[in-house]
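Everything on this sheet refers to the single structure shown next.
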Amino acid sequence: MNNIVKLATIVLLTMVSFAVKSQAQTFNETLKYINQKFVCCTKSTATYKGQSVQVTSQGLVTVTGFLKDENRVYNAKFDLLSLYTGKDGKYPIYTTGNHLSFDDKPAHAFTFVFKTVEEAESVKKAFIHLQTLCKKNRESFDN
């Protein structure tokens, strides 16, 4: 009987730990993850290096980078909830190899280069998750 209780306790604790780990990340946790990836994993080009990402709870994004050839800080700004979906229906946050792009209007995209395809893909998924959180937040203020 004592072994059954121990086994049941182990199974229950295992199930609880998996349930906790599988919960979606919060807005701040997701943004922290994105920033960590931008610092460690964006590929510095001859002219540009990504430094940080700021996102408001309403979905306004500012990516700060450094333009080496002009020796100045550059801010790329766009609205995560108003990205452009073209006639082809392509989702406006996408990867092409190790490039992560955001279409903010016809014939214009913000593109960031990561060291690997996997890093670009994981940041894309994090931005899509963040977009979902921002939509929920924006909708809660619209009511």
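For the charge dipole of region 25-142, defined by +1 on Lys and Arg C-beta atoms and -1 on Asp and Glu C-beta atoms about the Cα centroid, which residue among Tyr48, His99, Val123 has the Cα displaced farthest towards the positive pole?
Comparing the listed Cα positions along the dipole, Tyr48 ranks first.
Can you tell me how much longer the chain between Asn137 and Glu118 gets when fully stretched, taken as 0.36 nm per residue apart minus their C-alpha distance, in nm with one decimal?
4.0 nm
Extension gain Glu70-Tyr84, at 0.36 nm per residue separation less the Cα-Cα distance, in nm?
Residue separation times 0.36 nm, minus the Cα-Cα distance, leaves 2.1 nm.
Using the Karplus curve 6.51 cos²θ - 1.76 cosθ + 1.60 with θ = phi - 60°, work out ³J(HN,Hα) for each residue of region 113-123 in order, rounded to whole Hz, and write x for Gly and Pro.
9, 9, 5, 9, 4, 4, 5, 4, 5, 5, 5
Sequence gap at least 6, Cα distance under 8 Å: using those rules, report the relative contact order of region 25-142 to the nearest whole percent.
Relative contact order for region 25-142 comes out at 24 percent.
Can you sort Ser122, Ser44 so the residue with the fewest Cβ neighbours within 10 Å comes first?
Ser44, Ser122
Mind checking the full-extension length gain between His99 and Gln54? Use 0.36 nm per residue of separation minus the Cα-Cα distance, one decimal, nm.
My answer for the length gained is 14.3 nm.
Only the coordinates and a few stated rules stand behind these numbers; no lab work does. All of these numbers come straight from a predicted model, not from anything done at the bench. Because the Cβ atoms are built from the backbone with ideal geometry, glycine has one as well, and the counts that use them run over all protein chains shown.
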